[in-house]
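To keep things clear, I will list the structure first and then write my remarks on it.
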Amino acid sequence: MSALAEAPFSLEEIASEGIKPDEYEEIFRRLGRHPNKAELGMFGVMWSEHCCYKNSRPLLKQFPTTGDRILVGPGENAGVVDMGDGLQLAFKIESHNHPSAVEPFQGAATGVGGILRDIFTMGARPIAILNSLRFGSLEEARTRRLVNGVVAGISHYGNCVGVPTVGGEVYFDPSYSGNPLVNAMALGLMETPEIVTSGAVGIGNPVLYVGSTTGRDGMGGASFASAELSDASMDDRPAVQVGDPFLEKALIEACLEAFKTGAVAAAQDMGAAGITCSTSEMAAKGGVGIELDLDKVPVRETGMVPYEYLLSESQERMLFVAHKGREQELIEIFERWGLHAVVAGTVIEEAIVRILFKGEIAAEIPATALADNTPIYHRELLQEPPEYARKAWEWQESALPGCTAAGIELAGKAHSWTEVLLALLDSPTIASKQWVYRQYDHQVQNNTVLLPGGADAAVIRLRPQLGEVASTKGVAATVDCNARYVYLHPYEGAKMAVAEAARNLSCVGAEPLAVTDNLNFGSPEKAIGYWQLAQACRGIADACRELATPVTGGNVSLYNETLDAEGKPQSIYPTPVIGMVGLVEDITQVCGQGWRSPGDAIYLLGSGNSNTTLGGSEYLAVLHQTIAGQPPIADLALERQVQSVCRQGIRQGWVKSAHDCAEGGLAIALAECCISGQLGAEIQLSAPDPEARWDHLLFAEGSARILVSVAAEQVETWESYMQSHLSASWQKLGEVGGTTLSLTVDNLTLISASLEEMGDRWSKAIERRL
């Protein structure tokens, strides 16, 4: 007879914990008995996709994870890279998508709090935050409410905790309308001589609970994060945590002070699945057991039962293993910072998690059963691309209405290319994000070298936390992903996301080092969803290998789907966000995107128009309401060459500005350089082939294309350097000057737009809609 038939729970109760019938049978087999309610809850959260990656783990194995500079790879709270001169950088990205959909302010705020804890748990002081956000169309009232709430939540937490929010990206697309994406990335500089790890050690060592109190907020947030959103999700508000940034600031200082004493043997923050996750992961990683007494845990509510203690995701809490006999000095540090610190348990020899409550055993489970030896699903991969992709790939540019040098007719009305340019600048995805980043404090700590909006990546000075050695080094960071490309071709789109992240770092003069990724996808249980996930992982792996940027960890967020009124799940675009960090050897040699001086020469590095396409482009989506075509293919060999030349040009002081050509193609990139530098440009392009389209020349998108400006006196040196390193893959476009972007081909003026009209459309697009 099956265990399920005799289970002390109904099928509904088991399903409500996110456990499938066959998984219940497996739990019974492992325990040799039926679980109690608390144990069922523990398995529910630890076997959720959010905690154990049961659908994605086999795919993540193909990522390259080692390299000369990698000190800590996947498996710890954050990755750590060696920046030279004794500087070590911890960094990680995580998602808080579902909580933000239900309670945007707290969902986003606690997403920031959680990623910061991952950083300082390693012994690193947080120095910067970035975020990658996706919303539906701003024409919808619901989207406007989400945007306001999420941005307010991020700024509230980051500003109060005193860590600058220095960069990010925001995209708007109807596919995210019911399921926004909120991915937060944090960077920190190691402040302790040793990197603090999370594996429990030392039989008999005390286990300390430190930080805030435990309440009923955030109950089962990990399982909630691993299910589709529906109208009923709005009743899941208790699954959204509530954050206190001022308490977290005290926790940062107390933890770093505690780590420096050498009294802490291991540390783990309580994030998803709270006490359950921290006890089982620390025990499993250390190959030991942990016994914890819930009666010792400080609480903020009365009458809580073990199930609630174990599944609470109350914020700002950590678990430490202390060296025996030194617990009191740790307790004194935390109490001095106004925080709780209590000995709540012990490291034991038997590799189990044993939970005590009111003098009795409330739960007892083998640690590995919860943490590493979890279910894994090897799903069937489609043998050929699904129909939606094959159909999209059939699209050709010839399907578009005809156009001339004067413009194009859309919906029965003639539009000049200048009008098309202004319409694209007004598209919220391309437009200025200043409404967003002006709410963030991006200069607290006084280390921000390049401010948001001024360059293709953020640059932060690395001010040594240990000793007084001055350093000119900096770190550049970016988050990137064009999800429309990934939707149309998951393998090529994911490769392109890695290539663009590296290109953005190269545009500020930084050498790309390593990646943290956030894989936001729909349901892996559907053939298309799993195909998208598998192909994107393969693309990331190939690009990271080719560009020598290993993956140090990240986050997987699946089941990003909204159930429509008929109960049919609508998936988001597959969105593998790439967070990448790069090394800036000298922060006085960095580069913004705006033109610097009249008379500077403008060049396009890369393959001109030969490797570009209107497939998957912003132009196609905004002006023709079409999502189709093959997206651009990343030429990684050329990408490496172009990026290396750009970095060298910046280091030598030849290149004064650099900006990559991304969404909107060449014309939009030129306009952005004009707006950013408040200077016009005179551009002369060579005539396209007779059969080529004018809109392709202006708005097609491709890989390995960077716009740079160079001072007149450096032109000769620069051109000979390019000739020897890029051969024919570059062209001179014109020069900086005036107050108009003028773009001509053989004396035909295609675009003539003043700084004022471009700036007005670009800078106010989001504000106007909100």
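Computed values, structure above
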{"quantity": "Only listed residue being over 26 Å from residue 636 (Cβ atoms), open to solvent by 20 Å² or more (accessible area, probe 1.4 Å), part of a helix (DSSP H, G or I) and not hydrophobic (A, V, I, L, M, F, W, C), chosen from 735, 756, 691, 672", "calculated": "756"}
{"quantity": "Residue list for segment 120-169, restricted to those being farther than 25 Å from residue 192 by Cβ, open to solvent by 10 Å² or more (accessible area, probe 1.4 Å), hydrophobic (A, V, I, L, M, F, W, C) and in contact (Cβ under 8 Å) with a residue 40 or more places away in the chain", "calculated": "152"}
{"quantity": "Segment 348-399, residues that are of a type outside the set (Val, Ile, Thr), crowded, with 19+ Cβ neighbours inside 10 Å and in a loop (DSSP other than H, G, I, E, B)", "calculated": "395"}
{"quantity": "Sole residue being part of a helix (DSSP H, G or I), in contact with an Asp or Glu (Cβ under 8 Å, 6 or more places away or on another chain) and closer than 26 Å to residue 202 by Cβ, chosen from 330, 251, 310", "calculated": "251"}
{"quantity": "Failed condition for residue 87, given (1) at pLDDT 95 or above; (2) over 13 Å from residue 553 (Cα atoms); (3) touching a Lys or Arg at 6+ places or on another chain (Cβ under 7 Å)", "calculated": "(1)"}
{"quantity": "In segment 26-78, the residues that are closer than 23 Å to residue 97 by Cβ and basic (Lys, Arg)", "calculated": "54, 57"}
{"quantity": "Any hit, segment 410-420, residues being part of a loop (DSSP other than H, G, I, E, B), out of contact with any strand residue (DSSP E or B) (no Cβ under 6 Å at 6 or more places or on another chain) and farther than 25 Å from residue 485 by Cα", "calculated": "yes"}
{"quantity": "Conditions (1) buried (at least 18 other Cβ atoms within 10 Å of the Cβ); (2) in contact (Cβ under 8 Å) with a residue 24 or more places away in the chain; (3) not β-branched (Val, Ile, Thr); number of the one not met by residue 6", "calculated": "(1)"}
{"quantity": "Some residue of segment 542-556 being more than 19 Å from the chain's Cα centre (by Cα), open to solvent by less than 50 Å² (accessible area, probe 1.4 Å) and hydroxyl-bearing (Ser, Thr, Tyr)", "calculated": "no"}
{"quantity": "Segment 619-647 residues that are closer than 24 Å to residue 707 by Cα and open to solvent by 20 Å² or more (accessible area, probe 1.4 Å), paired with ones that are in a loop (DSSP other than H, G, I, E, B) and among the polar types (S, T, N, Q) (beta carbon under 6 Å, 6 or more apart)", "calculated": "622/427; 635/611; 635/703"}
{"quantity": "Matching residues, segment 193-215, being buried (at least 23 other Cβ atoms within 10 Å of the Cβ) and either hydroxyl-bearing (Ser, Thr, Tyr) or in a loop (DSSP other than H, G, I, E, B) (or both)", "calculated": "196, 200, 205, 209, 214"}
{"quantity": "Flag for residue 116 being in a strand (DSSP E or B) and at pLDDT 95 or above", "calculated": "no"}
{"quantity": "Selected residue (criterion: nearest to residue 697 (Cα to Cα)) from residues of segment 738-753 that are more than 37 Å from the chain's Cα centre (by Cα) and part of a loop (DSSP other than H, G, I, E, B)", "calculated": "746"}
{"quantity": "Members of segment 61-83 found to be open to solvent by 40 Å² or more (accessible area, probe 1.4 Å), in contact with a strand residue (DSSP E or B) (Cβ under 9 Å, 6 or more places away or on another chain) and outside any strand (DSSP E or B), listed by number", "calculated": "65, 68, 69, 75"}
{"quantity": "Matching residues in segment 300-328 - criterion: being closer than 21 Å to residue 241 by Cβ and of a type in the set (Lys, Arg)", "calculated": "300, 317"}
{"quantity": "Some residue of segment 414-423 being open to solvent by 20 Å² or more (accessible area, probe 1.4 Å), out of contact with any Cys (no Cβ under 7 Å at 6 or more places or on another chain) and within 20 Å of residue 766 (Cα to Cα)", "calculated": "yes"}
{"quantity": "Qualifying residues in segment 16-37 (those that are part of a helix (DSSP H, G or I) and under 33 Å from the mean Cα position of the chain (by Cα)) - the one farthest from residue 3 (Cα to Cα)", "calculated": "16"}
{"quantity": "Pick from segment 585-600, criterion of a type outside the set (S, T, N, Q) and under 28 Å from the mean Cα position of the chain (by Cα), ranking: surrounded by the fewest Cβ atoms within 10 Å (Cβ to Cβ)", "calculated": "586"}
{"quantity": "Flag if residue 174 is within 22 Å of residue 618 (Cβ to Cβ), in contact with a Gly (Cβ under 8 Å, 6 or more places away or on another chain), open to solvent by less than 20 Å² (accessible area, probe 1.4 Å) and of a type outside the set (Phe, Trp, Tyr)", "calculated": "no"}
{"quantity": "Counted residues, segment 491-543 - those being outside any helix (DSSP H, G or I), in contact with a Phe, Trp or Tyr (Cβ under 6 Å, 6 or more places away or on another chain) and farther than 23 Å from residue 92 by Cβ", "calculated": "1"}
{"quantity": "Segment 424-460, subset closer than 16 Å to residue 624 by Cβ and of a type in the set (A, V, I, L, M, F, W, C), residue surrounded by the most Cβ atoms within 10 Å (Cβ to Cβ)", "calculated": "424"}
{"quantity": "Wholly within segment 421-485, strands (runs of 3 or more DSSP E) carrying at least 1 residues that are modelled with pLDDT of 95 or more, under 22 Å from residue 88 (Cβ atoms) and of a type in the set (Gly, Ala, Ser)", "calculated": "458-461, 474-480"}
{"quantity": "So residue 158, is it among the small types (Gly, Ala, Ser) and assigned to a helix (DSSP H, G or I)", "calculated": "yes"}
{"quantity": "Selection from segment 83-105 of residues that are more than 17 Å from the chain's Cα centre (by Cα) and acidic (Asp, Glu)", "calculated": "85, 103"}
{"quantity": "Yes/no for residue 61 being over 18 Å from residue 129 (Cα atoms) and either within 17 Å of the chain's Cα centre (by Cα) or not β-branched (Val, Ile, Thr) (or both)", "calculated": "yes"}
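Per-residue answers, yes or no, for (1) closer than 26 Å to residue 112 by Cα; (2) small (Gly, Ala, Ser):
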{"residue": "51", "(1), (2)": "yes, no"}
{"residue": "55", "(1), (2)": "yes, no"}
{"residue": "69", "(1), (2)": "no, no"}
{"residue": "72", "(1), (2)": "yes, no"}
{"residue": "76", "(1), (2)": "yes, no"}
{"residue": "86", "(1), (2)": "no, yes"}
{"residue": "92", "(1), (2)": "yes, no"}
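Results for (1) surrounded by fewer than 19 Cβ atoms within 10 Å (Cβ to Cβ); (2) modelled with pLDDT under 95; (3) of a type in the set (Ser, Thr, Tyr), shown as yes or no for each residue.
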site	(1), (2), (3)
289	no, no, no
294	no, no, no
309	no, yes, yes
314	no, yes, yes
322	no, no, no
332	yes, no, no
336	yes, no, no
341	no, no, no
344	no, no, no
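Every residue, every condition in (1) touching a strand residue (DSSP E or B) at 6+ places or on another chain (Cβ under 8 Å); (2) over 29 Å from residue 262 (Cβ atoms), yes or no:
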{"position": "93", "(1), (2)": "yes, yes"}
{"position": "97", "(1), (2)": "yes, yes"}
{"position": "101", "(1), (2)": "yes, yes"}
{"position": "109", "(1), (2)": "no, yes"}
{"position": "115", "(1), (2)": "yes, no"}
{"position": "120", "(1), (2)": "yes, no"}
{"position": "124", "(1), (2)": "yes, no"}
{"position": "127", "(1), (2)": "yes, no"}
{"position": "131", "(1), (2)": "yes, yes"}
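The values are calculated or read from the model by the stated rules, or taken from the named source; none is laboratory data. Please read all numbers here as calculations on a predicted model, not as lab measurements. Neighbour counts are summed over all protein chains in view; Cβ atoms, including those assigned to glycine, are modelled from backbone coordinates with ideal geometry. These area figures cover heavy atoms from the full protein model, side chains too; ligands, DNA and RNA do not enter into them. Shrake-Rupley method; radii C 1.70, N 1.55, O 1.52, S 1.80 Å.
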